[in-house]
Amino acid sequence: MIDFADLTTPLVADACVRLDVPLRVAPAGVRPVVPGTGLAGPVRPARHYGSVDVFLEAYRDARPGDVLVIDNGGRADEACIGDLTVLEAAASGLAGLVVWGLHRDTAELVQIGVPVFSYGALPAGPLRADEREPEALRSARFGAHRVGADDVVFADDDGVLFVAADRAGEVLDTARAIRATEREQARRIRAGETLAQQTRFADYLARRAADPRYTFRNHLRRVGGAIEE
């Protein structure tokens, strides 16, 4: 079980940067069907070729809590999943679906309640039947990235990103530490201590004047801030 409920994808992204974990962010625009939804789980990859059979096959080997990550090439001319696909995912124990493409049956998906992320809705389903690749159920492309069962997906209103499963624990721990620092910084701003004061910005400017190579990110790490990762 991946505990993502108290975190966000920006925090996970910042943690990846801090830990030097490859930052694999999905293309911008993938959003939840129901705003405010968060989702995390092991990737169950599937490539779409025009038929739902590949999804039904993926469900057969899915583990409870898996997230079906669908590679539909980011197509804008067809919706590759709908209410029946999502109902079957729920019956198979999946935690949700993340689509590099479009969905349909929006009203039904809202009622079903299983988290679904996509570029948006389109009434038309696929009219094609392309040749299936050997990698159909072993990996999925998602923008510039290729993901598989050794990855974890995180998704919320800010977007989608992927982390290698063997690094997910330390990434989440670091994300929580960053969140704690940011919450304390926010509390201090509300109490009247500006962010510039907290980060000793005047000191940063003086140091940068003496050494142009001294970056604000270096400075934040020195003073313990958490704005830029």
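Bear in mind that the values in this text are calculations on the coordinates, not laboratory data. No experiment lies behind these values; they were computed from the predicted model shown. A quick note on method: Cβ atoms are made from the backbone with ideal geometry, for glycine too, and the neighbour counts reach across all protein chains shown.
The table for this structure:
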{"read-out": "Binned Cα-Cα distances of the range 165-229, short to long, each 5 Å bin given as a whole percent", "value": "4, 17, 21, 20, 16, 11, 8, 4, 0"}
{"read-out": "For the chain, calculated [θ]222 nm from helices alone, where every DSSP H run of n ≥ 4 adds -39500 (n - 2.57)", "value": "-11000 deg cm²/dmol"}
{"read-out": "Pairwise label distance in nanometres, R208 with E184, each label 7 Å out on the Cα-Cβ vector", "value": "2.4"}
{"read-out": "Cα-based helix-to-principal-axis angle, 165-190 vs the chain, degrees rounded to 10", "value": "50"}
{"read-out": "Loop GluC sites (Glu not before Pro), the range 139-222, which have at most 12 other Cβ atoms in a 10 Å radius of their Cβ (DSSP)", "value": "E193"}
{"read-out": "Separation in nanometres of the label points that stand 7 Å from Cα toward Cβ, at Q198 and R132", "value": "5.3"}
{"read-out": "Neighbour-limited loop hits for chymotrypsin sites (Phe, Trp or Tyr not before Pro), the range 37-104 (at most 11 other Cβ within 10 Å; DSSP other than H, G, I, E, B)", "value": "none"}
{"read-out": "The range 1-84: projected area of the alpha-carbon convex hull, averaged over directions, in nm²", "value": "6.9"}
{"read-out": "Antiparallel bridge percentage (DSSP; both residues within the range 1-147; nearest 5)", "value": "25"}
